[in-house]
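The values are calculated or read from the model by the stated rules, or taken from the named source; none is laboratory data. The shown structure was predicted, so the numbers you read here are calculated from the model rather than taken from an experiment. Here Cβ is always computed from backbone atoms with ideal geometry, including for glycine, and neighbour counts include all displayed protein chains. We work out accessible area using only protein heavy atoms, side chains counted, and drop any ligands, DNA or RNA first. Shrake-Rupley method; radii C 1.70, N 1.55, O 1.52, S 1.80 Å.
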Amino acid sequence: MDYRLITRGFNASDSLKEYLDKKTQKLEKVAPEGDHVSLEVKIEREKSRFDTEITLHIRGGVARTECSSEDVYVTVDATVDALEKKMQKYKQKKIARHKVGHKSTVIDLVEGQESEREEEEENMEIARSKRFFLRPMDLEEAKLQLEMLGHNFFVFKRDETDEINLIYKRKNGTIGLIEFEV
């Protein structure tokens with residue numbers, strides 16, 4: 001599988017590139033067949049710690065995982081394994097929903113950044129801004145996207161009502177839904 005490697009804080013060795021080639025081949029088995037798939041691998045070194053983020057772009061969607069460790073090979077392993085599990089789960093749910101009679105539409109996964117520890121409200125700044133297109137989807141698709149991204153919330157356009165909704169993970173493990181009124 002072709003991928004784009006982005007490194008920050010160090011230069012990737014040939015052995016690391018070969019290792020990434022080998023590990024990304026595992027993802028070909030779980031990537032949707034017939035889809036144009038692109039992969040982006042970001043590895044950042046900060047002091048003695050490596051942060052690895054892998055983003056898989058599929059037709060109309062994105063799946064993303066990230067891990068940190070002091071060994072770059074360990075972070076690559078953990079990140080690829082986590083992404084492989086997400087994609088297997090995605091395929092299983094998509095097949096199960098298709099058998100039940102749901103629409104077999106591509107799930108739109110919103111890329112975002114998980115927040116780190118909260119600071120006091122007056123000290124908080126907008127660190128990153130993104131713009132994305134909201135595709136209409138049902139609640140089940142939105143739940144799957146929330147799970148695929150591994151975030152605490154997901155914004156989507158409800159296909160039945162054409163309104164913007166937000167689902168979020170609650171502390172007790174359930175999912176909440178916010179329906180906006182304008």
With R₀ set to 25 angstrom, the calculated FRET efficiency between the beta-carbons of Phe153 and Glu40, to the nearest 0.05, is 0.65
How big is the accessible area of His151 in square angstrom, nearest 10, if you roll a 1.4 angstrom probe over the protein chains? 10 Å²
At a 1.4 Å probe, what is the % contribution of carbon and sulfur to the accessible area of segment 121-160? 48 percent
Could you report segment 9-88's accessible area per residue, 1.4 Å probe, as an integer in Å²? 52 Å²
Under 22 Å between alpha carbons, and skipping anything fewer than 8 positions from Lys93 in its own chain: which lysines qualify? Lys26, Lys29, Lys85, Lys103, Lys143, Lys157, Lys169
Listed pairs Lys17/Lys94; Lys23/Lys94; Lys22/Lys89; Lys17/Lys86 exceeding 30 Å between Cα atoms: Lys17/Lys94
Non-local residues with an amide H under 5 Å from the amide H of Val62, with H modelled 1.01 Å from N and Pro and chain starts lacking one, are Leu109
Trypsin sites (Lys or Arg not before Pro) lying in DSSP loop within segment 1-86, provided at most 14 other Cβ fall within 10 Å: Lys47, Arg59
Chain lengthening between Tyr168 and Ile6 when straightened (0.36 nm per residue, less Cα-Cα): 55.3 nm
Full extension between Lys130 and Asp14 adds, at 0.36 nm per residue less the Cα distance, a length in nm of 38.4 nm
Pull up all non-local amide H partners of His151: gap of 5 or more, or a different chain, and H-to-H distance under 5 Å with H placed in the peptide plane. none
If you roll a 1.4 angstrom probe over the protein chains with everything in place, what fraction of the accessible area of segment 1-80 belongs to carbon and sulfur, to the nearest %? 43 percent
